[in-house]
C-alpha cells in the first residue's frame, strides 16, 4: 500500500483516462446521479452520498446474450470490453462488488468485465440519509481489500490517494504524484472514526437480524408485509448485491436462436415456479420472507463471507409499498417485543 497527496482528483482522473474509459457519476435533470462515461477533461462528480443506481450493471449486465445457435453449432458471445475505471465508488458499493465477485466467481461473462475494471473508491466522511453501512461492516471508509485506489477528502481541501492493490499501483505509473506520510493516513483514520460516531442507533437492526435468524417471526407477520409488496422489483434492481437472473430463447432474424440472460427478481410471483407449475413461493409473504432471510441469514453469510446487505438504504428510498429495510426491521423489533411482552 502506497500513499500520495493530490490537490484535486481531476489529476488522477486525467491520468487514468489516458489508458482506459472512465465511468463517473453524472447528474441528471432531477438531481439524481448515474454511472456514465465522460471525456478525460470533464470533471467527475464526487458526491458524499451513493447514487440511487449502483455500478452493478457495469459488471453484471442487465441484459446480455449468452450464446447463439445457427442451426448447426453454438457460438458463445463473451463480452470483450476495453479497460475501464469506475471513478468514485462508495464503500457500500465496493463491498457489494466484492460480494458479487464471490457469487460470480465462475461466471465468464461477469469475469470478462471485472478483469478489465479498475476500482477507484472514495471514503464517506459523513453518514448519508438511509445509509447504515457501519452497522453491517460496509463503511464508511473504503476497505483496502475492496478497491485498487482510494480517494479520501481531507479537511484542508486536499486529497489523500491510497494505492491499495498491485493493479492500482500499476495504473499510477507515469503519474507525477507527491508521496504522503503515515501521519496523513492516521488523519484519515481519525476522520473516519468521527464519521462512525455520527451514525444513529442501530439496535433495531441488530434485533431484527437476530429475530430473522432465531426463527422468532410468525408467518402472519410476513403475510402482512407481503400485502404491501407491489412486486415492482425496485428494491432488487437497485440493490447492489441482488443477483437473480433468468434466461430466455429468442429467434434470430436469419434463423437460429440466441439465449439471453436478464435480471430477474425473487419478489416476482413466478420466480420459483417449476415446470410442473408447482410454486414454492407463490404467496407474497413467502417471497418477502425469502428475500429478507437471504439479506440477513447467517447461513447465507457463511457461504459468502458477509450478509447480503451493505447498508446503502436504497430499498428504503425506492419502495412504494414502504417496506424498505429500516421500516421492516423496526416492525420486526416491535413484532418480537409484542410477542415477548417487551422483554
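Checking 207, 264 one by one, the residue that is surrounded by 16 or more Cβ atoms within 10 Å (Cβ to Cβ), under 28 Å from residue 101 (Cα atoms) and either in contact (Cβ under 8 Å) with a residue 60 or more places away in the chain or in contact with a strand residue (DSSP E or B) (Cβ under 7 Å, 6 or more places away or on another chain) (or both) is 264 and no other. Among the strands (runs of 3 or more DSSP E) confined to the stretch 1-111, the ones with at least 2 residues that are surrounded by 21 or more Cβ atoms within 10 Å (Cβ to Cβ) are located at 21-27, 84-90. When we screen 175, 183 for residues that are surrounded by fewer than 21 Cβ atoms within 10 Å (Cβ to Cβ), assigned by TED's automatic domain parsing to the domain that holds residue 100 and outside any helix (DSSP H, G or I), the only hit is 175. Could you tell me whether residue 192 is in a strand (DSSP E or B), under 20 Å from residue 93 (Cα atoms) and in contact (Cβ under 8 Å) with a residue 40 or more places away in the chain? It is false that residue 192 is in a strand (DSSP E or B), under 20 Å from residue 93 (Cα atoms) and in contact (Cβ under 8 Å) with a residue 40 or more places away in the chain.
The values are calculated or read from the model by the stated rules, or taken from the named source; none is laboratory data. Keep in mind the model is a prediction, meaning the values are calculated, not measured. For neighbour counting, all protein chains shown are included, and Cβ atoms are generated from backbone atoms with ideal geometry for every residue, glycine included.
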